[in-house]
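The values are calculated or read from the model by the stated rules, or taken from the named source; none is laboratory data. Quantities reported herein were computed from a predicted structural model and do not represent experimental measurements. Note that we place each Cβ from the backbone using ideal geometry, even for glycine, and neighbour counts take in every protein chain shown. Note: accessible area is taken over every heavy atom of the protein model, side chains too, but ligands, DNA and RNA are not part of it. Shrake-Rupley method; radii C 1.70, N 1.55, O 1.52, S 1.80 Å.
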Amino acid sequence: MISRGEHSPLDDIEFLARSDHRVAALDALATRPQSRTDLRELTGVSRSTVGRTLREFEARRWIRREGHQYEATQLGGFVASGLRELIDRLETERKLRDVWQWLPVEASGFSIEMGSDAVVTAARTDDPYRPVNRFASLLRETDQFRFVGFDLGLLEPCKDELARQIVDGMRTEIIDPPRAARHILSTYPEHCSEPLESGNLAVRVHDDVPPYGIALFDQRVGISGHSPDSGTVRALIDTDAPDTRDWAESTYESYRRESRPLVSEPTTE
């Protein structure tokens, strides 16, 4: 029998992580009693492998046997719960690892946990417009859209889709830096005139918008990050998590309170 002094916690972690079926088996036993046949069907390993795994679990007092059924003890359930949390954390970290540098990591209230249930879309060398295309798909699914932050790399490629959605009734409010708002109005007057005349588009300006983008759709929140050198969008994460929604709404409103309506400059005769 294994005594506490024979193995360190890292040894137990290594034991569990060395084979996927051990994690699955302990998690299943923590959920409800299982027979050996149940565990073989669940894990896809042989009868002898299931037997060895159960003996190792019993030696650690993680499970107990009742007839032909096995179930986790409180110790086993405690380990399974912690392992699930660790795996979830590592899955979130792996998902965000390649885009983390583009996200608002210094922003007040933003946390790694916001990415746990998020769809992460990163630009690739062979598909640089992946984040923009994901953003466009979200635009097509919303009736109300709000945006604050650095937007040229995100909204400019979507100008046709955005204009069409606004004219078709999508209520839209965009908070831009004054220079960006003037650039869009002067460069794409044909895309701006009809949306502005529709009454569905409000443009506000703020002198110090965040260096990332916050997009609020009906059901989801999008956070975009761009390259400061090229201005291209490098990553978009979107989620329907309530905590992220609360953060995005609060951040958006804080910028809106300090913004002002865009006033068209008079034309010179």
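Of the listed requirements (1) under 19 Å from Ile87 (Cβ atoms); (2) surrounded by fewer than 16 Cβ atoms within 10 Å (Cβ to Cβ); (3) touching a residue at least 12 places away in the same chain (Cβ under 8 Å), Glu14 misses just one: (3). In the stretch 128-147, the residues that are outside any loop (DSSP other than H, G, I, E, B) form Cβ pairs under 6 Å with partners that are open to solvent by 70 Å² or more (accessible area, probe 1.4 Å), at six or more places apart or across chains, as follows: Gln144/Arg171. Determine whether Ser186 is out of contact with any Phe, Trp or Tyr (no Cβ under 7 Å at 6 or more places or on another chain), within 27 Å of Gln101 (Cα to Cα) and polar (S, T, N, Q). Considered against the rule, which asks whether it is out of contact with any Phe, Trp or Tyr (no Cβ under 7 Å at 6 or more places or on another chain), within 27 Å of Gln101 (Cα to Cα) and polar (S, T, N, Q), Ser186 comes out as no. As a summary of the residue check, Phe110 satisfies the conditions (1) in contact with a Lys or Arg (Cβ under 7 Å, 6 or more places away or on another chain); (2) surrounded by 16 or more Cβ atoms within 10 Å (Cβ to Cβ) except for the one numbered (1). For Glu71, the conditions (1) touching a residue at least 24 places away in the same chain (Cβ under 8 Å); (2) in contact with a helix residue (DSSP H, G or I) (Cβ under 7 Å, 6 or more places away or on another chain); (3) within 17 Å of Val233 (Cβ to Cβ) are fulfilled apart from (3). Scanning the stretch 42-82 for residues that are within 14 Å of Thr31 (Cα to Cα), in a helix (DSSP H, G or I) and open to solvent by less than 30 Å² (accessible area, probe 1.4 Å) yields Gly76, Gly77, Ala80. Right, Gly231: under 17 Å from Phe135 (Cβ atoms) and in contact with a Lys or Arg (Cβ under 8 Å, 6 or more places away or on another chain) or not? In short, no. Annotation for the stretch 167-185: at least one member residue is hydroxyl-bearing (Ser, Thr, Tyr) and closer than 20 Å to Ser137 by Cβ. For the stretch 89-100, the count of residues that are aliphatic (A, V, I, L, M) and either touching a strand residue (DSSP E or B) at 6+ places or on another chain (Cβ under 9 Å) or within 28 Å of His206 (Cα to Cα) (or both) is nonzero.
Listed by first and then second residue, the pairs with beta-carbon distance under 7 Å, at least 6 apart or on different chains, first residue in the stretch 74-98 and touching a residue at least 60 places away in the same chain (Cβ under 8 Å) and β-branched (Val, Ile, Thr), second open to solvent by less than 100 Å² (accessible area, probe 1.4 Å) and part of a helix (DSSP H, G or I), are Val79/Leu26.
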